[in-house]
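The values are calculated or read from the model by the stated rules, or taken from the named source; none is laboratory data. Everything numeric in this text was worked out from a predicted model, so none of it was measured. Every residue, glycine as well, gets a Cβ built from its backbone with ideal geometry; the counts of neighbours run over all protein chains shown. Remember, those area values only see protein heavy atoms, side chains included, never the ligands or the DNA or RNA. Shrake-Rupley method; radii C 1.70, N 1.55, O 1.52, S 1.80 Å.
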Amino acid sequence: MGFTLCSSSELSYPSLEGLRNAKANPVASKSFTRAGGYIKKHYFLSSYSDARKLVISSHLFPGHLEGSLGKKWQVEPRKKLEFVRTLLIDNYDSYTYNIYQELSVINGVPPVVVRNDELTWKDICCLLYEDGAFDNIVISPGPGSPTCPADIGVCRQLLLECWDIPILGVCLGHQALGYAHGAQIIHASEPIHGRLSEIEHNGCNLFANIPSGRNSSFKVVRYHSLVIDAESLPKELIPIAWTASDDTLSFLETQKFDAIPDAYESERQKANFDSFSAKNGSYWGHVNGTKSRKVVMGIRHATWPHYGVQGDAYASLSSKLVLASMQVPHATGLFGAVHTGRQSVKKADFRVNGEACSSGQLMRGANQRNLGFLDKVNILPPSLGAKFLRLKWRKFGHLASEVGGARNIFTELFGKNKAENTFWLDSSSTEKGRARFSFMGGKGGDLWKQLTFRLSEQSDTAGERGHLLIEDAKGFTCSKILEEGFFEYLNKELLSLCHEEKDYEGLPFDFYGGFIGYIGYNLKVECGAASNAHKSTTPDACFFFADNLVVIDHHTNDVYVLSLQEGNTTQTQWLDDTEKKLVSLKGSATRQVHERISKPVANSPHEAGFLSEKSQKQYVSDVEKCLEYIKDGESYELCLTTQFRKLIGEVDPLRLYLHLREKNPAPYASWLNFSKENLCICSSSPERFLRLDRNGILEAKPIKGTIARGTTPEEDERLKLQLQYSEKDQAENLMIVDLLRNDLGRVCEPGTVHVPHLMEVESYATVHTMVSTIRGKKQSNVSAVDCVKAAFPGGSMTGAPKLRSMELLDSIESCSRGIYSGSIGFFSYNQTFDLNIVIRTVVIHENEATIGAGGAIVALSDPEKEYEEMVLKTRAPANAVMEF
């Protein structure tokens, strides 16, 4: 196979963790009980032919395999490959597509991703040994334990039977390699998630030219609660890597000499910022001179080309393994027109349902069948009924400041009649370039309509049937059952809208009209979640189609008015009327006097008259349940939430929102009033979920890590630094960054997903928060809705791995999150979008106000402190309600 093995004489390793003692809890004989009846979706195929078609078309997203797996391989002389074909087994994890991205770049072609229960063993054997379709296999991380057959699916059989095929197991895959050959899997002395360790290794081929040991600069991010018992390793398995010490490092500690400010160094002498950071007697975790246990971080089979590595940061090593060792005899040209930079491989024919077709035809058909989108905007099947839209707009320079700002414009233009059927995506906080534009409007022209979607009573898998109510501009309504779900309906609606790019040339923003509203958390069932344990009392999605809107540029104070119409028309009545209203505002220099309310501030939602879904004792107990799941390896991070409710009777929701935006301005704030549903949403969200701009750049900005503001400048700065250098909060944030990298990796071009800003602290009226930014370049054949489906719900509201975490949370939480944890924003008719995360939000539905709040539970969480943080997040919206 051309695979270089290191001899056992190379080994020299210290005492390893996993010694049998009172603290080591064997779990090899234990099959974990799934909370909430967790059942994976099975895609067992009836025939090998079906398996081949599935692999080529890919089970979720395009780009996995650019070609066919057609002809039978024949033995050829060994030669250095220009590209490498990897089968990537996904153990239902939220890191798999980070490995996918890395392999796509290094291998020259994307790997094929198959979930661990998606193909039968027979199907995989045919692909590997009859077709010779793959050069190697990578087994992904995942939740659970290799001792539970449902957690690893076909992986155990691969590791035992495919002795001649190079395999790399990462995290769960690493543990599966050990377990398959007889090693015991035990609880680690401490779960380690989102934290870094220095690694020692024996210098074998896998680690060639990689530093080893303490202060060597080689560190990996660890995500595991279970470890391989070193003493139970059979002679077939050889340890090749282990932790260099007991200490773990937060991410910023690895940057300490360059990044830590003097203010922090002096302040940390006065206070212990993080109860977990002092466990070794020093913030930096210096070795205390005692002999430490070491955790096995890498193993290899003595005679087979099988490797296992525990840290997720080994993705680059997996690529190295793939390229260095895959000299296989059956490297025939099975891919279609894959350009590797030096050569391209000829296309192979392939038969689908008995008919020959080229690999290119097959991929185009697969993309359309699986995702329902087309390669080009404005090219549409006749059945979808295309509409050709034209945009007209006008600009009024520096007008916003002359007419009293965004608040005055909205209340004067759209605030009459209780602001019924109005929207306002409100960048009320524009500090430090966090946001720039606000979009507002009401019931508009002939194209206006409202979509109200409710999932059916029966929660099932993706493709959940639901009921859609459509109201048009004239007030007529119709109802329809959506067999394929709301996202697919929205996707088709957007694809039916044709346009000319020249219509919006010169506009500095990305929303020119289209759908504006919210997606409720329960739509997770259309994005891979198995079910919903609780039904929402509010609609699961509500959107206006906005054909008339006003836009404010907060950087320049310019005001724009836009109007969408179907076909070529000279009608400009709405533009003319709106211009007159704006001019009249300017002429009178009107500015409303803001109400000053001096009622006492509530420190908790209970003081503001809210009733909690769970008591403090119950919430703390739920945190402890989460910690148990994390200890058992079922999740790395669980974003636990709860709800607070208050009957409010007849109030003016718009006044409430105006007060909330004044007291707690936020870059992704919003107001939505769906009057027919008796539903108003007052959001002061500081968090962007996902944005797609006109250049095809996707951006996510998750928040993880929150602390209260100080009462003095000195205390405020100390608290800010405490958050910045908290090991727990950094671990929270890093895990969600990795999750978002994975989600964007599903739909972005290989090699484009990156993190330009990591763990930056942003300050708001009541809290400091830790924010990261992830970006990537969208694949050209992926639609806007497909991007959202790849990442919804936002990872900062679920935890990781996402699917398993959502299942566990459904079993712990006692009611539906509803709109909370979902997203508010727009889908423009030209396939751009911008969506927030619904947090710091008051939902008013049928005279009841609800506020959702929660926090990320990780291995370092303290249950009482988690409760305090959850309550802190309710403070701004709860006070806004109390004052009315």
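Worth a mention:
- Residue in the range 162-175 that is among the aliphatic types (A, V, I, L, M) and under 26 Å from GLN730 (Cα atoms) present: yes
- In this structure, GLU484 does not satisfy being closer than 22 Å to VAL782 by Cα, touching a Gly at 6+ places or on another chain (Cβ under 7 Å) and either surrounded by 23 or more Cβ atoms within 10 Å (Cβ to Cβ) or among the aromatic types (Phe, Trp, Tyr) (or both).
- Those residues of the range 128-148 which are closer than 30 Å to ILE630 by Cβ and either in contact (Cβ under 8 Å) with a residue 40 or more places away in the chain or outside the structural domain of THR86 (by the TED database) (or both), in sequence order: ILE137, VAL138, ILE139, SER140, PRO141, GLY142, PRO143, GLY144, SER145, THR147, CYS148
- Test set (1) more than 24 Å from HIS187 (Cβ to Cβ); (2) buried (at least 21 other Cβ atoms within 10 Å of the Cβ); (3) modelled with pLDDT of 85 or more - GLU253 fails condition number: (3)
- Members of the range 774-783 that are open to solvent by less than 10 Å² (accessible area, probe 1.4 Å) and either assigned to a strand (DSSP E or B) or outside the structural domain of MET870 (by the TED database) (or both): ILE774, GLY776
So that you can scan it fast, the table gives a plain yes or no per residue for (1) over 30 Å from GLY404 (Cβ atoms); (2) in contact with an Asp or Glu (Cβ under 9 Å, 6 or more places away or on another chain):
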{"site": "LYS502", "(1), (2)": "yes, no"}
{"site": "PRO508", "(1), (2)": "no, yes"}
{"site": "GLY517", "(1), (2)": "no, no"}
{"site": "TYR521", "(1), (2)": "yes, yes"}
{"site": "GLU526", "(1), (2)": "yes, yes"}
{"site": "HIS534", "(1), (2)": "yes, yes"}
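- Some residue of the range 429-452 being open to solvent by less than 50 Å² (accessible area, probe 1.4 Å) and in a helix (DSSP H, G or I): no
- Test: residue in the range 660-682 that is surrounded by fewer than 20 Cβ atoms within 10 Å (Cβ to Cβ), out of contact with any Phe, Trp or Tyr (no Cβ under 8 Å at 6 or more places or on another chain), outside the structural domain of VAL788 (by the TED database) and of a type in the set (Gly, Ala, Ser): no
- When ARG390, ARG436, ARG454 are screened for being under 30 Å from LEU490 (Cα atoms), over 30 Å from the mean Cα position of the chain (by Cα) and basic (Lys, Arg), only ARG390 passes.
- Of the criteria (1) closer than 22 Å to GLY441 by Cβ; (2) open to solvent by 20 Å² or more (accessible area, probe 1.4 Å); (3) not in a loop (DSSP other than H, G, I, E, B), which one VAL559 fails: (2)
- Matching residues in the range 214-247 - criterion: being farther than 24 Å from TRP163 by Cβ, in a loop (DSSP other than H, G, I, E, B) and either open to solvent by 10 Å² or more (accessible area, probe 1.4 Å) or not assigned by the TED database to the domain that holds TYR95 (or both): ARG214, ASN215, SER216, SER217, PHE218, SER245, ASP246, ASP247
- For the range 837-861, a tally of residues being farther than 13 Å from ALA878 by Cα and of a type in the set (Gly, Ala, Ser) returns 5.
- The single residue among SER536, SER479, SER531 that is of a type in the set (S, T, N, Q) and in a strand (DSSP E or B) turns out to be SER479.
- Within the range 169-204, the only residue that satisfies the criterion of being assigned to a strand (DSSP E or B) and within 19 Å of LEU119 (Cβ to Cβ) is GLY169.
- Qualifying residue in the range 115-133 (condition: more than 28 Å from the chain's Cα centre (by Cα), of a type in the set (Phe, Trp, Tyr) and farther than 18 Å from GLY153 by Cβ): yes
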